[in-house]
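Okay, so here's the structure we're looking at.
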(Lines give C-alpha, C1' and ligand atoms only; values in the text may rest on other atoms or scores of the structure.)
Protein backbone atom coordinates (compact mmCIF):
# COMPACT_ATOMS: atom_id res chain seq x y z
CA UNK A 1 0.00 0.00 0.00
CA UNK A 2 1.42 3.42 -0.98
CA UNK A 3 0.56 6.82 0.50
CA UNK A 4 1.10 9.96 -1.60
CA UNK A 5 0.50 13.62 -0.66
CA UNK A 6 -1.12 15.68 -3.43
CA UNK A 7 -2.07 19.38 -3.63
CA UNK A 8 -4.47 19.99 -6.52
CA UNK A 9 -7.58 21.97 -7.31
CA UNK A 10 -9.56 18.70 -7.54
CA UNK A 11 -8.57 17.67 -4.05
CA UNK A 12 -9.40 21.10 -2.69
CA UNK A 13 -12.90 20.64 -4.12
CA UNK A 14 -13.22 17.33 -2.32
CA UNK A 15 -11.81 18.32 1.05
CA UNK A 16 -12.24 22.04 1.40
CA UNK A 17 -8.56 22.11 2.40
CA UNK A 18 -5.31 22.53 0.51
CA UNK A 19 -4.07 18.98 1.01
CA UNK A 20 -5.52 15.48 0.98
CA UNK A 21 -4.06 12.04 1.52
CA UNK A 22 -4.20 9.64 -1.43
CA UNK A 23 -3.94 5.91 -0.79
CA UNK A 24 -3.38 3.38 -3.55
CA UNK A 25 -4.17 -0.29 -3.04
CA UNK A 26 -5.26 -3.23 -5.12
CA UNK A 27 -4.93 -6.85 -6.11
CA UNK A 28 -3.87 -8.81 -9.18
CA UNK A 29 -3.87 -12.44 -10.27
CA UNK A 30 -2.48 -14.58 -13.06
CA UNK A 31 -3.96 -18.02 -13.54
CA UNK A 32 -4.57 -20.93 -15.88
CA UNK A 33 -8.12 -22.36 -16.07
CA UNK A 34 -9.26 -25.49 -17.92
CA UNK A 35 -12.29 -23.63 -19.30
CA UNK A 36 -15.00 -25.89 -17.88
CA UNK A 37 -16.53 -22.92 -16.04
CA UNK A 38 -17.22 -19.31 -17.00
CA UNK A 39 -13.56 -18.48 -17.67
CA UNK A 40 -11.98 -19.19 -21.03
CA UNK A 41 -9.47 -22.02 -21.30
CA UNK A 42 -5.92 -20.77 -20.93
CA UNK A 43 -4.30 -17.81 -19.19
CA UNK A 44 -6.64 -15.41 -17.39
CA UNK A 45 -5.71 -12.19 -15.59
CA UNK A 46 -7.49 -9.95 -13.11
CA UNK A 47 -6.45 -6.55 -11.78
CA UNK A 48 -8.23 -4.36 -9.23
CA UNK A 49 -6.90 -0.89 -8.45
CA UNK A 50 -8.30 1.35 -5.69
CA UNK A 51 -7.45 5.03 -5.26
CA UNK A 52 -8.81 6.66 -2.09
CA UNK A 53 -8.70 10.41 -1.47
CA UNK A 54 -9.35 11.45 2.13
CA UNK A 55 -8.84 14.29 4.60
CA UNK A 56 -8.96 14.84 8.36
CA UNK A 57 -12.58 16.02 8.15
CA UNK A 58 -13.82 12.49 7.50
CA UNK A 59 -14.47 13.00 3.78
CA UNK A 60 -13.18 10.44 1.29
CA UNK A 61 -13.67 9.23 -2.27
CA UNK A 62 -12.60 5.83 -3.60
CA UNK A 63 -12.41 4.93 -7.29
CA UNK A 64 -12.07 1.24 -8.16
CA UNK A 65 -11.07 0.00 -11.61
CA UNK A 66 -11.30 -3.70 -12.47
CA UNK A 67 -9.64 -5.28 -15.49
CA UNK A 68 -10.32 -8.93 -16.33
CA UNK A 69 -8.52 -10.44 -19.29
CA UNK A 70 -8.37 -13.81 -20.99
CA UNK A 71 -7.84 -15.49 -24.34
CA UNK A 72 -10.64 -17.59 -25.82
CA UNK A 73 -10.39 -20.59 -28.18
CA UNK A 74 -10.08 -18.26 -31.19
CA UNK A 75 -7.20 -16.30 -29.67
CA UNK A 76 -9.33 -13.22 -28.94
CA UNK A 77 -8.64 -11.09 -25.89
CA UNK A 78 -11.57 -10.51 -23.53
CA UNK A 79 -11.24 -7.41 -21.35
CA UNK A 80 -13.92 -5.91 -19.09
CA UNK A 81 -13.32 -2.61 -17.27
CA UNK A 82 -16.21 -1.71 -14.95
CA UNK A 83 -15.64 1.11 -12.45
CA UNK A 84 -16.95 1.58 -8.90
CA UNK A 85 -16.98 4.92 -7.11
CA UNK A 86 -17.57 5.41 -3.37
CA UNK A 87 -17.89 8.85 -1.78
CA UNK A 88 -18.05 8.96 2.01
CA UNK A 89 -18.80 11.89 4.33
CA UNK A 90 -19.38 11.89 8.10
CA UNK A 91 -23.16 11.54 7.45
CA UNK A 92 -23.89 10.47 3.85
CA UNK A 93 -22.22 7.92 1.56
CA UNK A 94 -22.78 7.44 -2.18
CA UNK A 95 -21.84 4.22 -3.99
CA UNK A 96 -21.89 3.88 -7.79
CA UNK A 97 -21.25 0.76 -9.88
CA UNK A 98 -21.84 -2.64 -8.29
CA UNK A 99 -23.75 -1.98 -5.06
CA UNK A 100 -25.66 -3.76 -2.31
CA UNK A 101 -29.35 -2.99 -2.73
CA UNK A 102 -30.65 -0.89 0.17
CA UNK A 103 -33.31 -3.42 1.21
CA UNK A 104 -30.71 -6.22 1.28
CA UNK A 105 -28.24 -4.19 3.34
CA UNK A 106 -30.87 -3.47 6.01
CA UNK A 107 -33.07 -6.56 6.17
CA UNK A 108 -31.47 -9.93 7.10
CA UNK A 109 -33.45 -13.06 6.24
CA UNK A 110 -32.96 -16.37 8.05
CA UNK A 111 -32.20 -19.74 6.48
CA UNK A 112 -35.21 -20.98 4.49
CA UNK A 113 -36.56 -17.53 3.56
CA UNK A 114 -36.24 -15.90 0.14
CA UNK A 115 -34.72 -12.56 1.15
CA UNK A 116 -34.81 -9.16 -0.57
CA UNK A 117 -32.55 -7.77 -3.24
CA UNK A 118 -28.96 -8.57 -4.11
CA UNK A 119 -25.49 -7.72 -2.83
CA UNK A 120 -24.13 -7.65 -6.40
CA UNK A 121 -26.55 -5.22 -8.08
CA UNK A 122 -25.69 -3.27 -11.24
CA UNK A 123 -29.13 -2.58 -12.71
CA UNK A 124 -30.34 -2.62 -16.32
CA UNK A 125 -28.06 0.29 -17.26
CA UNK A 126 -24.99 -1.64 -16.14
CA UNK A 127 -24.50 0.32 -12.93
CA UNK A 128 -26.44 0.85 -9.73
CA UNK A 129 -26.42 3.60 -7.13
CA UNK A 130 -26.76 3.37 -3.35
CA UNK A 131 -27.18 6.43 -1.13
CA UNK A 132 -26.97 5.85 2.62
CA UNK A 133 -27.17 8.24 5.58
CA UNK A 134 -26.24 7.38 9.16
CA UNK A 135 -26.94 9.40 12.28
CA UNK A 136 -27.87 8.71 15.89
CA UNK A 137 -27.23 4.98 15.55
CA UNK A 138 -29.66 4.69 12.62
CA UNK A 139 -28.92 4.09 8.94
CA UNK A 140 -31.27 4.87 6.05
CA UNK A 141 -30.55 3.78 2.48
CA UNK A 142 -31.96 4.13 -1.04
CA UNK A 143 -30.77 2.26 -4.13
CA UNK A 144 -31.83 2.15 -7.78
CA UNK A 145 -30.55 1.73 -11.29
CA UNK A 146 -28.03 4.48 -12.12
CA UNK A 147 -30.69 6.18 -14.26
CA UNK A 148 -32.68 6.80 -11.02
CA UNK A 149 -35.92 6.11 -12.89
CA UNK A 150 -37.50 4.11 -10.05
CA UNK A 151 -37.45 0.86 -12.06
CA UNK A 152 -35.39 -0.95 -9.40
CA UNK A 153 -35.80 1.29 -6.36
CA UNK A 154 -35.10 -0.24 -2.96
CA UNK A 155 -35.29 1.20 0.56
CA UNK A 156 -33.83 0.13 3.88
CA UNK A 157 -33.55 1.33 7.47
CA UNK A 158 -31.52 -0.32 10.22
CA UNK A 159 -30.26 0.41 13.70
CA UNK A 160 -29.86 -0.78 17.26
CA UNK A 161 -32.32 -0.39 20.12
CA UNK A 162 -31.45 -1.61 23.61
CA UNK A 163 -28.95 -4.17 22.34
CA UNK A 164 -31.30 -5.51 19.66
CA UNK A 165 -30.34 -4.90 16.02
CA UNK A 166 -33.19 -4.42 13.59
CA UNK A 167 -33.66 -3.93 9.86
CA UNK A 168 -36.56 -3.03 7.57
CA UNK A 169 -36.34 -3.41 3.81
CA UNK A 170 -38.68 -2.66 0.92
CA UNK A 171 -38.37 -3.34 -2.81
CA UNK A 172 -41.40 -2.87 -5.05
CA UNK A 173 -44.31 -4.69 -3.43
CA UNK A 174 -41.99 -6.87 -1.33
CA UNK A 175 -40.89 -6.09 2.23
CA UNK A 176 -39.05 -7.65 5.17
CA UNK A 177 -38.50 -6.98 8.89
CA UNK A 178 -35.73 -8.59 10.92
CA UNK A 179 -34.23 -8.39 14.42
CA UNK A 180 -31.33 -10.09 16.20
CA UNK A 181 -29.79 -10.13 19.66
CA UNK A 182 -28.15 -12.23 22.36
CA UNK A 183 -29.80 -15.37 23.76
CA UNK A 184 -28.67 -18.45 25.72
CA UNK A 185 -25.03 -17.39 25.53
CA UNK A 186 -25.30 -17.15 21.74
CA UNK A 187 -27.49 -15.22 19.34
CA UNK A 188 -31.02 -15.35 17.93
CA UNK A 189 -32.39 -13.87 14.70
CA UNK A 190 -36.03 -13.47 13.68
CA UNK A 191 -37.30 -12.37 10.27
CA UNK A 192 -40.65 -11.90 8.57
CA UNK A 193 -41.11 -11.11 4.88
CA UNK A 194 -43.52 -10.91 1.99
CA UNK A 195 -41.72 -11.44 -1.32
CA UNK A 196 -43.74 -11.35 -4.54
CA UNK A 197 -46.89 -12.24 -2.60
CA UNK A 198 -45.33 -15.15 -0.69
CA UNK A 199 -45.21 -14.46 3.06
CA UNK A 200 -42.97 -16.25 5.53
CA UNK A 201 -41.49 -15.98 9.02
CA UNK A 202 -38.28 -17.60 10.22
CA UNK A 203 -36.06 -17.90 13.27
CA UNK A 204 -32.41 -18.90 13.66
CA UNK A 205 -30.60 -19.69 16.93
CA UNK A 206 -26.86 -20.15 17.40
CA UNK A 207 -25.53 -21.45 20.74
CA UNK A 208 -22.06 -22.55 21.88
CA UNK A 209 -21.73 -26.14 23.12
CA UNK A 210 -18.22 -26.41 24.53
CA UNK A 211 -15.83 -26.41 21.55
CA UNK A 212 -18.79 -26.67 19.19
CA UNK A 213 -21.23 -24.10 17.83
CA UNK A 214 -24.75 -25.27 16.93
CA UNK A 215 -27.13 -23.35 14.65
CA UNK A 216 -30.76 -24.35 14.11
CA UNK A 217 -33.24 -22.60 11.84
CA UNK A 218 -36.93 -23.00 11.03
CA UNK A 219 -39.70 -21.22 9.17
CA UNK A 220 -43.49 -21.33 9.30
CA UNK A 221 -43.35 -22.98 5.87
CA UNK A 222 -42.15 -26.28 7.39
CA UNK A 223 -38.51 -25.61 6.55
CA UNK A 224 -35.85 -26.60 9.08
CA UNK A 225 -32.06 -26.62 9.04
CA UNK A 226 -29.23 -27.47 11.43
CA UNK A 227 -25.46 -27.05 11.28
CA UNK A 228 -22.45 -27.43 13.59
CA UNK A 229 -18.98 -25.88 13.55
CA UNK A 230 -16.04 -27.13 15.61
CA UNK A 231 -12.25 -27.19 15.80
CA UNK A 232 -10.46 -30.55 15.88
CA UNK A 233 -6.70 -31.15 15.82
CA UNK A 234 -6.07 -27.73 14.28
CA UNK A 235 -8.77 -28.12 11.64
CA UNK A 236 -12.02 -26.17 11.37
CA UNK A 237 -14.94 -28.43 10.49
CA UNK A 238 -18.56 -27.59 9.70
CA UNK A 239 -21.49 -29.73 8.63
CA UNK A 240 -25.18 -29.15 8.09
CA UNK A 241 -28.39 -30.36 6.51
CA UNK A 242 -31.96 -29.15 6.03
CA UNK A 243 -35.45 -30.23 5.06
CA UNK A 244 -34.68 -29.56 1.37
CA UNK A 245 -32.11 -32.39 1.56
CA UNK A 246 -29.30 -29.88 1.04
CA UNK A 247 -26.27 -31.30 2.87
CA UNK A 248 -23.01 -29.42 3.41
CA UNK A 249 -19.63 -30.44 4.79
CA UNK A 250 -16.48 -28.31 4.93
CA UNK A 251 -13.00 -28.65 6.42
CA UNK A 252 -10.00 -26.34 6.39
CA UNK A 253 -6.60 -27.01 7.89
CA UNK A 254 -2.86 -26.49 7.53
CA UNK A 255 -0.82 -29.48 6.42
CA UNK A 256 2.89 -30.27 6.25
CA UNK A 257 5.09 -27.55 4.78
CA UNK A 258 2.64 -24.76 5.59
CA UNK A 259 0.16 -25.60 2.83
CA UNK A 260 -3.48 -24.73 3.42
CA UNK A 261 -6.07 -27.34 2.49
CA UNK A 262 -9.78 -26.58 2.11
CA UNK A 263 -12.53 -28.97 1.04
CA UNK A 264 -16.21 -28.13 0.70
CA UNK A 265 -19.12 -30.30 -0.40
CA UNK A 266 -22.63 -29.00 -0.94
CA UNK A 267 -25.48 -31.02 -2.45
CA UNK A 268 -26.59 -28.02 -4.51
CA UNK A 269 -23.14 -26.80 -5.53
CA UNK A 270 -20.99 -29.94 -5.70
CA UNK A 271 -17.36 -30.24 -4.63
CA UNK A 272 -14.84 -27.46 -4.09
CA UNK A 273 -11.19 -28.27 -3.28
CA UNK A 274 -8.21 -25.95 -2.87
CA UNK A 275 -4.54 -26.19 -1.93
CA UNK A 276 -2.87 -22.86 -1.12
CA UNK A 277 0.61 -21.70 -0.15
CA UNK A 278 1.65 -18.24 1.02
CA UNK A 279 4.82 -17.25 -0.80
CA UNK A 280 4.89 -13.97 1.18
CA UNK A 281 2.54 -11.71 3.12
CA UNK A 282 1.15 -10.41 -0.18
CA UNK A 283 1.55 -13.32 -2.61
CA UNK A 284 -0.37 -16.62 -2.63
CA UNK A 285 -0.15 -19.63 -4.92
CA UNK A 286 -3.27 -21.81 -5.23
CA UNK A 287 -4.50 -24.87 -7.11
CA UNK A 288 -8.27 -25.38 -7.00
CA UNK A 289 -11.20 -27.36 -8.37
CA UNK A 290 -14.76 -26.06 -8.19
CA UNK A 291 -17.68 -28.06 -9.59
CA UNK A 292 -20.04 -25.05 -9.19
CA UNK A 293 -23.31 -26.83 -9.97
CA UNK A 294 -25.46 -23.83 -9.07
CA UNK A 295 -23.41 -21.39 -11.20
CA UNK A 296 -24.14 -18.55 -8.74
CA UNK A 297 -20.70 -16.88 -9.00
CA UNK A 298 -20.55 -16.81 -5.20
CA UNK A 299 -17.82 -19.34 -4.37
CA UNK A 300 -14.32 -18.94 -2.95
CA UNK A 301 -12.66 -20.17 -6.16
CA UNK A 302 -13.38 -19.93 -9.89
CA UNK A 303 -15.39 -22.73 -11.54
CA UNK A 304 -13.31 -25.45 -13.16
CA UNK A 305 -9.72 -26.46 -12.41
CA UNK A 306 -7.32 -23.56 -11.94
CA UNK A 307 -3.76 -22.75 -10.90
CA UNK A 308 -3.38 -19.13 -9.83
CA UNK A 309 -0.82 -16.69 -8.46
CA UNK A 310 -2.47 -13.81 -6.55
CA UNK A 311 -0.92 -10.56 -5.33
CA UNK A 312 -2.09 -7.73 -3.06
CA UNK A 313 -0.46 -4.33 -2.79
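The values are calculated or read from the model by the stated rules, or taken from the named source; none is laboratory data. The model shown is predicted, which means the values in this text are computed figures rather than measured ones. Note that we place each Cβ from the backbone using ideal geometry, even for glycine, and neighbour counts take in every protein chain shown.
Assorted remarks:
- Those residues of the range 250-277 which are loosely packed, with under 13 Cβ neighbours inside 10 Å, at negative phi and more than 22 Å from the chain's Cα centre (by Cα), in sequence order: 254, 255, 256
- Residue 305 being closer than 25 Å to residue 120 by Cα, assigned to a strand (DSSP E or B), more than 20 Å from the chain's Cα centre (by Cα) and modelled with pLDDT of 95 or more: yes
One line per residue, one yes/no per condition, for (1) touching a residue at least 40 places away in the same chain (Cβ under 8 Å); (2) loosely packed, with under 14 Cβ neighbours inside 10 Å; (3) under 12 Å from residue 111 (Cα atoms):
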position: 180; (1), (2), (3): yes, no, no
position: 195; (1), (2), (3): yes, no, no
position: 200; (1), (2), (3): yes, no, yes
position: 207; (1), (2), (3): no, no, no
position: 216; (1), (2), (3): no, no, yes
position: 231; (1), (2), (3): no, yes, no
position: 238; (1), (2), (3): no, no, no
position: 241; (1), (2), (3): no, no, yes
position: 248; (1), (2), (3): no, no, no
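- Whichever residue in the range 123-148 is modelled with pLDDT under 95 and within 26 Å of residue 198 (Cα to Cα) and, among such residues, is surrounded by the most Cβ atoms within 10 Å (Cβ to Cβ): 123
- Sub-8 Å Cβ pairs linking a first residue in the range 83-94 that is on the phi > 0 side of the Ramachandran plot and free of Cβ contacts under 8 Å to residues at least 40 places away in the same chain to a second residue that is in a strand (DSSP E or B) and exposed (fewer than 13 other Cβ atoms within 10 Å of the Cβ), at least 6 apart or interchain, number zero.
- Taking the conditions (1) crowded, with 17+ Cβ neighbours inside 10 Å; (2) out of contact with any helix residue (DSSP H, G or I) (no Cβ under 8 Å at 6 or more places or on another chain); (3) closer than 30 Å to residue 135 by Cβ; (4) modelled with pLDDT of 90 or more in turn, residue 25 satisfies each one other than (1).
- Check on residue 214, in the same structural domain as residue 109 (by TED's automatic domain parsing) and under 23 Å from residue 241 (Cα atoms): no
- Residue among 274, 250 that is part of a strand (DSSP E or B) and over 29 Å from residue 224 (Cα atoms): 274
- Summed over the range 104-122, residues that are surrounded by 20 or more Cβ atoms within 10 Å (Cβ to Cβ), assigned to a loop (DSSP other than H, G, I, E, B) and out of contact with any helix residue (DSSP H, G or I) (no Cβ under 9 Å at 6 or more places or on another chain) total 7.
- Of the residues making up the range 150-158, none is outside any strand (DSSP E or B), modelled with pLDDT of 95 or more and outside the structural domain of residue 97 (by TED's automatic domain parsing).
- From the list 163, 172, 128, the one residue that fits, being within 19 Å of residue 189 (Cα to Cα) and either in contact with a strand residue (DSSP E or B) (Cβ under 6 Å, 6 or more places away or on another chain) or without any contact (Cβ under 8 Å) to a residue 60 or more places away in the chain (or both), is 163.
- Condition check for residue 43: part of a strand (DSSP E or B), modelled with pLDDT under 90 and not assigned by TED's automatic domain parsing to the domain that holds residue 191: no
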